[in-house]
């Protein structure tokens, strides 16, 4: 070493220190001690780096200090290597020695560090305080094994000293040692650990460490006697040996009384750890120790004074007690079997409690219970019993039997245990909890999850359904375990992912679509497309982030496109998912795909279906935005949607959603309707669709034409006047009960120019009027409103013939009913239609000639007070005969502008210019005039103007002036204001009426009975 530069020596030593520190950090056993050693070594590394930076002087003292330190670090490294991968049982029994070795090497390194610092005082002056602190800590290091480990080791050593090699002590020690080092108490695991332990003994023999070999042999011999260390064949043989012995006992016998020598003379109980005095008296160890601690100096059994107080383990008695216990185990198992076969609730419950006791007394009973056939019987009972308390107890018992016992787990699985356990998951809370706990235990092995059992569980298709139902129930103790089982089943088989989704648990499926390989994503989406999804599940899928993944797949190959778009069609039925599609930039992508005519028809159709849903339910263009929320230019979209209709050979699966999407867009904005009509020639493209063979296309076409007819009615009229076109439309409407279609058709007819008399005539001839009246009778209110509008063309006062047909077909009672039951719009339109009919009444009434105060007419003819001749609904359309007037007056009282306007116009038809007093008197008797005057105070300008027109006719009657003049003047003066000349049209009209009032003298005598006030 003296020929190597000191800087190189320092570098090599630093490297060795780092390597040892890293290795020490990873030692599992006694990790706290090794962890402290590792920390100190990392601190030394910083000291060595400082020496390199300060250029350590090459002196003999420095080299010697480095040699000492290097040797100690090598010892530490060897110590780490020595104990890094040793048998865990060996490490535990040697824990006291291991800790001592770590402590010694830590202290020695601290001494070497002190030597190095003394040899380099000047160089380390900058960190001298830290170095001194470090070497002091290391030289004073105190390490101790944990108290629990030391207690186990001391108990083991004491047992070996006392030569306690019996079965019970072996079981106890094995359990404690295994638990301390984290080894499952299972035969396979214990066998591996004992094999490793034997290799430690062989290596000690090779090193000729005789004391070590003897010590390890004693431990191996003891632990090999434990049940978990024994071969299953040996356990089986032992059971049948004990079974042969108990055959001489009565089958009804459930317990073999202990022999007197088994009873401790101090406690009166069967001994567990018997010891014997020199007198031969046997006692329980702990009881005898307590006897002497109390100061007793006599034999506990005889009472004789003792001279020798020593005692020793009575191994033979201990072994006899153990054999007696095992015989009782076999008797209990035999008895339990008989009770289980009886099948009575009480006997089964009692038996399960006994099985629980057997398992708690000795782990070998887990195997003996199965060897004795109890496990198979319990599984059968689980499937047949209905008592919930017993079922829960059976599940808990089975879990106790299989816990930590691979053989019993295999027996339960092979005995069709799943068939009976899985349905229990769907039972009430306590049973389902116990069933999940048992299922979870069956699926575990020493390495975690048992793949073989998982695959068998996969064959139980109902397992997924029951586990998902369990998760969806209230939160329970075993919820997380149920979720773990489900996730493992889904990892094992993709079909389980689909089954879970079919049971409404989508987490694995969504994860597979978002992160799985392409083939898995496709199969998952295909499965999802075939499922029936309720709205709640559709929203869940969208909320989980499925939509961006589907849009990404829509840019893939043909199969990915078709499947992802089919799924988007399903998801777009939910309002929130519409927003998600739009926010993810889905609409521009769909438009791009939709107009790529190179793609398959089905893909274009799916794009159109998504767009149709985005525009549905009144959303219109709300979601036609890019990913930034900017509204898209829609004119090209409208043009292209209409273009799909130009090819009649194109499949209806494309044309139908294209039309529906166009309808949704146009319904949202009048400007877009204009675009469709003017820019895209929508009317000429949609009109032929009224003859389409597909019913749904015809229905959408009528809805579109209703919108288009507001902008280009003449084109529609021209088309409908062609041969058979109108008849076909009427026939279609007569057969169709769709409320939207009825509304649109009635609106379409309402929008057509009323001046087209040929169209009106043709509608009557083709029974179109009857179809309109049918809608008035049975349609929705919106459809009825449009039907009322369509009726105006048939009630035109210039066409008495069409009016007569309307009345003959029974329209009048329908109109009267609307005045009471209709919407505001329906009431207003009904009042206007009645007004139209009433306008014709004077022309149709033959006024009776008067002679004096008498009227010459046939006795059976009743004279109409308003029209001065015989009237009826059928012949003169008289509203008085139809009992309409009270209903019109009621509408005025409601003070609604829309209805009041039409009511006043209708009332005006009663007041003729030739005999205004007749109609005025009728209005007076109905209290209508007073209500009209009130309109002047609350009505809008247009409404007040109509009221003034009516009053102008009413006040041609001097009698009406006398009755209402004073009241009317107040309102009229208020309207006219200060200066008539400066006023508008309303003020001038009010002034005109006011002048009528001034024309008549207040002294005029009333000629109409009942008018004087």
Quiz prompt | Over the chain, relative contact order from alpha-carbon pairs under 8 Å, at least 6 apart, % | solution = 4
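By how many nm would the segment from residue 781 to residue 820 lengthen if fully extended, with 0.36 nm per residue of separation less the alpha-carbon distance? Working shown, then result.
Values: separation 39, 0.36 × 39 = 14.04 nm, distance 1.33 nm.
Stretched out fully, the residue 781 to residue 820 stretch lengthens by 12.7 nm.
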Quiz prompt | Ranking of 33, 758 by count of other Cβ atoms within 10 Å, fewest first | solution = 758, 33
Quiz item: Full extension from residue 361 to residue 198: what is 0.36 nm times the residue separation minus their Cα-Cα distance, to one decimal in nm?
Solution: 55.7 nm
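Quick one: work out Rg over Rh on the C-alpha atoms of segment 241-344, Rh as Kirkwood radius. Please list the in-between numbers first.
Values: Rg = 17.9 Å, Rh = 15.6 Å.
Rg/Rh for segment 241-344 comes to 1.14.
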Exercise. First obtain the Kirkwood hydrodynamic radius of segment 675-823 from its Cα pairs, then insert it into the Stokes-Einstein equation at 10 °C and 1.306 mPa s, and state the resulting D in µm² per second as a whole number.
Key: 103
Quiz item: Which ordering of 938, 505, 368, 324 is given by a fewest-first count of other beta-carbon atoms within 10 Å?
Solution: 938, 324, 505, 368
Practice problem: Rounded to whole Å and sorted largest first, list the principal axis extents of the Cα atoms in the chain. | Solution: 161, 92, 66
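Normalised by the number of residues in segment 6-139, what is the relative contact order in percent for Cα pairs under 8 Å and 6+ residues apart? Write down the numbers at each step before the final one.
Values: 131 pairs, mean separation 41.0, N = 134.
Relative contact order, segment 6-139: 31 percent.
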Quiz item: Please state the relative contact order of segment 372-502 as a whole percent: Cα pairs under 8 Å, 6+ residues apart?
Solution: 22
Exercise. Please give the helix 985-999 orientation as an angle from the longest Cα principal axis of the chain, in degrees from 0 to 90, rounded to the nearest 10.
Key: 40
Quiz prompt | With Cα atoms, 0 to 90° folded angle of helix 232-246 axis to the chain main axis | solution = 80
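How large is the Kirkwood hydrodynamic radius of segment 342-473, counting all unique pairs of alpha carbons, in Å? Don't skip to the end; give the middle numbers.
Numbers: mean 1/r = 0.0673 Å⁻¹.
Value: 14.9 Å, from the Cα pair sum.
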Quiz item: Cα atoms only, segment 6-139: Rg and Dmax in Å?
Solution: 15.1, 50
Exercise. Using only Cα atoms, locate the centre of segment 758-812 and the centre of segment 611-631, then give the distance between them in Å, rounded to an integer.
Key: 38
Quiz item: When the Cα centres of segment 433-473 and segment 233-271 are compared, how far apart do they sit, in Å?
Solution: 39
Practice problem: Measure nothing fancy, just the Cα-based angle from helix 210-223's long axis to the longest principal axis of the chain, in degrees from 0 to 90, nearest 10. | Solution: 50
Exercise. Output the peptides 58-66, 40-48 sorted from most to least packed, where packing is the average of other Cβ atoms within 10 Å over each peptide's residues.
Key: 40-48, 58-66
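Based only on other Cβ atoms within 10 Å, what is the fewest-to-most ordering of 345, 250? Please list the in-between numbers first.
Values: 345 12, 250 8.
Lowest count first: 250, 345.
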Quiz item: What whole number of Å gives the distance from the Cα centroid of segment 295-350 to the Cα centroid of segment 485-525?
Solution: 56
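When the helices in the chain are scored as -39500 (n - 2.57) per DSSP H run of 4 or longer and the sum is shared across all residues, what 222 nm value do you end up with, to the nearest 500 deg cm²/dmol? Please report the intermediate quantities before stating the final value.
Working: 55 runs with 683 residues, N = 1013.
Using -39500 (n - 2.57) per qualifying helix, the result is -21000 deg cm²/dmol.
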Self-check item: Compactness relative to 2.2 N^0.38 Å, alpha carbon Rg of segment 113-247
Solution: 1.69
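Values quoted throughout were computed directly from the atomic coordinates according to the rules given, and no laboratory measurement underlies them. All figures in this text were calculated on a predicted structure; none of them were measured in a lab. Glycine also receives a Cβ, built like all others from the backbone with ideal geometry; neighbour counts cover every protein chain displayed.
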